[in-house]
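Asker: Below is one structure. I have some questions about it.
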Number of protein chains: 2
Amino acid sequence: MDTLQKGWFTEFSPDDLEVINNAASGDSKQLKSDGVEMGGAWPGQAFSLQVDEVLFHEKSKYQDVLVFKSRTYGNVLVLDGIIQCTERDEAAYQEMLAHLPMFAHPNPKRVLIIGGGDGGILREVLKHPSVEHVTMCEIDEMVIDVSKKWLPKMAAEFGNPKLNLFIGDGFEFLKAHKNEFDVVITDSSDPVGPAESLFGKSYYQLLSDALRDGGILSSQGECPWLDGNLIHTMNVFCKEIFANVKYAIGSVPTYTSGTMGYFVCSQERDVTTPARTLTSEEVQKWGLRFYNSSLHSAAFVLPTFVQQALEGKQSS
Amino acid sequence: MDTLQKGWFTEFSPDDLEVINNAASGDSKQLKSDGVEMGGAWPGQAFSLQVDEVLFHEKSKYQDVLVFKSRTYGNVLVLDGIIQCTERDEAAYQEMLAHLPMFAHPNPKRVLIIGGGDGGILREVLKHPSVEHVTMCEIDEMVIDVSKKWLPKMAAEFGNPKLNLFIGDGFEFLKAHKNEFDVVITDSSDPVGPAESLFGKSYYQLLSDALRDGGILSSQGECPWLDGNLIHTMNVFCKEIFANVKYAIGSVPTYTSGTMGYFVCSQERDVTTPARTLTSEEVQKWGLRFYNSSLHSAAFVLPTFVQQALEGKQSS
């Protein structure tokens, strides 16, 4: 079982991969612990996609960037060995992370995206006619470049005149931007590697400062099946900063364990009810494959173990 | 990539496995088509669990039965190469399939389970104090035997005096049982192998006949990401039989693509609203890790592509 062999790409947990690589190189160092305490690990399980062709594989300044054409999921972007998106199921993630905060806001004009280099969140945000300016701060330009080339349906809006694109660190960017945005969306990779600083309390304090009155943020909230400790920690510190902190979940087959969580926070607004709703005809016109106005509220109704995880009462 | 090697079990789509086995044996026969039209196939993707120890591996009269101790998911039951349940996440499936119909009924006394040999559905059904008799019809006694030995938390209620256990074919069993049950739950494997007859219209007509007035059925409804054609077909013929046909979804990480669908049908009742609700204290007392009364209704609120699949309007 190697990550890319015999025509299959396999996504291992980073700690398992270390063991496998050490074994292959003859290094006797074994696994330090059964999982990274703060998220981003899934020891003992792996997901594989069959590869038709490797389209791109290079190391950027920040991470290992791989794009391959899969047999049944379209083109696939992989960063540091972890699947970021596939053309077949990307809508499930992009639509929920973007439209939960966007529709909870009655009139979002200025939007900030931290990360999001594949362009999928940008594409969804720009579907809202109220939007006047979108700022994106992505740390790794190579992700944008490969997405423009290999994921054209996601990267379709990088030429949009409403976009201000900054290449740089989201944490640093926020320090210079206060009281500017109606919606801030953090579309990051796991909290291992370049995105690590985006999962701490100081980052959420900066996000809070960047929002205008009535502003809303959303962030990828990892997988509740795997990252209970992380989402509990995030839930606790977000509640110290925001009056309303909610967690939604949705299905994304090619993310580990198939379920993705989303934190949505605001000082002033109830984020679980859409401030604007779409008819079935509008859902179709917008090309929405996952999000709809009924699902908005239902996504915040959580299985028992997710409620318990958020409260730090994990059953097992 | 073989199914059980180098310390990992890999669940391939049955059609992919055929190709892999043929290649290994030098047979030049290649894949016939990109997926089984009527469900039960997921070409080009695979899920793996790390194996600590193979506990049992034999062929029964009907199928290949494998139980292994996994590194991080407890003991795992595999039939014909497909994961049926793991100790870590089984509650997600058992609780939804059992409690959606059970709580939609105000007073379920007589319950029939078709399949369910691991005992998990039986365990959940017997939590309802109104239940007087549970009949289970499981075709493969070996599944019950290995579950009693290796999945004791699931198979905990096979000694319960309320249980009537029949070893035999569910389809044949139903022909002799009319107007008998308040709830009928079909807990089957995929529509390939011994469970194939449980996905056709004639089976659902028999289910309808087996229900008493006000009765409700639930059935595993495969994965909406993979089996759109099947769930559309089932939705159409169920609506020819039942006045109320609803589809719910829930997360189950070790089922293919991580999402499971559930058909819940009734002539008389609205199945999307629980007829009885549980307080948080009761949820805890019942030991429910997934189901709760708010989730009951939310589970029937579907992503756009699932609505489209049910209606036969798949976007891609």
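Since every read-out is calculated from the coordinates, none of them should be taken as a lab result. Keep in mind it's a predicted model, so treat the numbers as computed, not measured. Cβ sites come from the backbone with ideal geometry, for glycine too, and all protein chains shown count toward neighbours.
Asker: What are the semi-axes of the equivalent ellipsoid of chain B, taken as the square roots of 5 times the eigenvalues of the Cα gyration tensor, listed largest first and rounded to whole Å? Display every interim value, and only then the final one.
Answerer: Values: eigenvalues 180, 105, 71 Å².
Equivalent ellipsoid of chain B: 30, 23, 19 Å, largest first.
Asker: Please state the equivalent ellipsoid semi-axes for the protein assembly as shown: what are the square roots of 5 times the Cα gyration tensor eigenvalues, largest first, in whole Å? Mind showing how you got there, number by number?
Answerer: Details: eigenvalues 317, 169, 103 Å².
Equivalent ellipsoid of the protein assembly as shown: 40, 29, 23 Å, largest first.
Asker: So the label point sits 7 Å from Cα along the Cα-to-Cβ vector; using that for A:ASP270, what distances do you get to the other copies, in nanometres, sorted shortest first?
Answerer: Label-point separations across copies, in nm and ascending: 2.0.
Asker: Work out, step by step, the length gained on full extension between A:THR273 and A:SER60: first 0.36 nm times the residue separation, then minus their alpha carbon distance; give nm to one decimal.
Answerer: 72.7 nm
Asker: Charges only on Cβ, +1 for Lys and Arg, -1 for Asp and Glu: so what's the dipole of the protein assembly as shown about the Cα centre, in debye to the nearest 20? Kindly include the intermediate steps, with their values, before the conclusion.
Answerer: Working: 54 positive and 84 negative charges, 259 e Å.
Once rounded to the nearest 20, the dipole reads 1240 debye.
Asker: Give me the lysines in straight-line cross-link reach of A:LYS69: C-alpha distance below 21 Å, same-chain residues under 8 apart excluded.
Answerer: A:LYS6, A:LYS59, A:LYS148, A:LYS149, A:LYS153
Asker: Take the Cβ-Cβ distance between A:ILE241 and A:ILE167 as r, set R0 to 30 Å, and report the resulting FRET efficiency rounded to the nearest 0.05.
Answerer: The value I calculate is 0.65.
Asker: Next up: Averaged over peptide B:8-20, how many Cβ atoms belonging to another chain are found within 10 Å of each residue's Cβ?
Answerer: Values: counts 7, 0, 5, 1, 3, 2, 0, 0, 4, 0, 0, 0, 1.
Mean partner shielding for this stretch: 2.
Asker: Continuing with the same structure: How long are the semi-axes of the equivalent ellipsoid of the stretch A:180-269, defined as square roots of 5 times the Cα gyration tensor eigenvalues? Whole Å, largest first.
Answerer: On the way: eigenvalues 94, 36, 31 Å².
Calculated on Cα positions only, the semi-axes equal 22, 13, 12 Å.
Asker: Please list, in chain and number order, the residues 5+ apart from B:GLY214 or on another chain whose amide H is under 5 Å from its amide H, with Hs placed from the backbone.
Answerer: Those lying under 5 Å, H to H, from B:GLY214 are B:GLU268.
Asker: If you don't mind, there's one more thing I want to ask. Nearest 500 deg cm²/dmol is fine: what mean residue ellipticity at 222 nm does the protein assembly as shown get from its DSSP H runs of n ≥ 4 alone, each adding -39,500 (n - 2.57), divided by its residue count? Numbers along the way, then the final one.
Answerer: On the way: 20 runs with 182 residues, N = 632.
That comes out to -8000 deg cm²/dmol.
Asker: Can you spot the aspartates and glutamates whose alpha carbon is less than 16 Å from A:LYS162's alpha carbon? Ignore those fewer than 8 places along the same chain.
Answerer: A:GLU124, A:GLU132, A:GLU180, A:ASP182
Asker: Still on this structure, please answer the following. May I ask you to evaluate 6.51 cos²θ - 1.76 cosθ + 1.60, the Karplus curve with θ = phi - 60°, for each residue of the stretch B:100-114 and list the ³J(HN,Hα) values in order in whole Hz, giving x for glycine and proline?
Answerer: 4, x, 5, 7, 6, 9, x, 7, x, 10, 10, 10, 10, 10, 9
Asker: Let me check I've understood the local charge: for A:ASP209, count other residues with C-beta under 10 angstrom from its C-beta, Lys and Arg +1, Asp and Glu -1. What total comes out?
Answerer: +1
Asker: I would also like to ask the following. Put a point 7 Å out from Cα along the line to Cβ at B:LYS239; what are the distances to that point in the other copies, in nm, shortest first?
Answerer: 4.3
Asker: May I ask you to list the residues of the stretch B:93-109 whose amide nitrogen lies under 17 Å from a point 7 Å from Cα along the Cα→beta-carbon direction of B:SER297?
Answerer: B:100-101, B:103-106
Asker: Return the long-range amide H neighbours of A:THR186 (sequence gap of 5 or more, or a different chain), with a cut-off of under 5 Å between placed amide H atoms.
Answerer: Residues meeting the criterion, in which the H sits 1.01 Å from N, are A:ILE114, A:SER218, A:SER219, A:GLN220.
Asker: Additional query: Ordered shortest first, which distances in nm separate the 7 Å Cα→C-beta label point of A:LEU165 from those of the other copies?
Answerer: 6.3
Asker: How large is Rg over Rh for the stretch B:116-169, taking Rg from the Cα atoms and Rh as the Kirkwood inverse mean of 1/r across Cα pairs? Walk me through the intermediate numbers first.
Answerer: Working: Rg = 10.5 Å, Rh = 11.1 Å.
Over the Cα atoms of the stretch B:116-169, Rg/Rh equals 0.94.
Asker: Can you work out the FRET efficiency for the pair A:GLU282 and A:ARG212, with r the C-beta to C-beta distance and R0 = 30 Å, to the nearest 0.05? Don't skip to the answer; put the middle values down first.
Answerer: On the way: r = 26 Å, r/R0 = 0.88.
Taking R0 as 30 Å, the efficiency between A:GLU282 and A:ARG212 is 0.70.
Asker: With θ set to phi - 60°, apply the Karplus curve 6.51 cos²θ - 1.76 cosθ + 1.60 along the stretch A:209-221 and write out the HN-Hα couplings as whole Hz, x wherever there is a Gly or Pro.
Answerer: 5, 6, 7, 7, 4, x, x, 9, 10, 9, 9, 5, x
Asker: Consider the operator that turns chain B into chain A: which B residue has a Cβ nearest its axis, and what is that gap in Å?
Answerer: Per the Cβ-to-axis criterion, the result reads B:GLY258, 1.
Asker: Still on this structure, I have one more. Among A:PHE305, B:ILE82, A:LEU278, whose Cα lies farthest out toward the positive end of the dipole of the protein assembly as shown, if unit charges sit on the beta carbon of Lys, Arg (+1) and Asp, Glu (-1)?
Answerer: Towards the positive end, the residue furthest out is A:LEU278.
Asker: A further question on this structure: Within straight cross-link reach of B:LYS201, meaning Cα distance under 19 Å, which lysines are found once same-chain residues fewer than 8 apart are removed?
Answerer: The qualifying lysines are B:LYS175, B:LYS178, B:LYS239, B:LYS246.
Asker: Then there's this: For a Förster distance of 35 Å, can you work out the FRET efficiency between the beta-carbons of A:GLU53 and B:GLN314, rounded to the nearest 0.05?
Answerer: Calculated value: 0.85.
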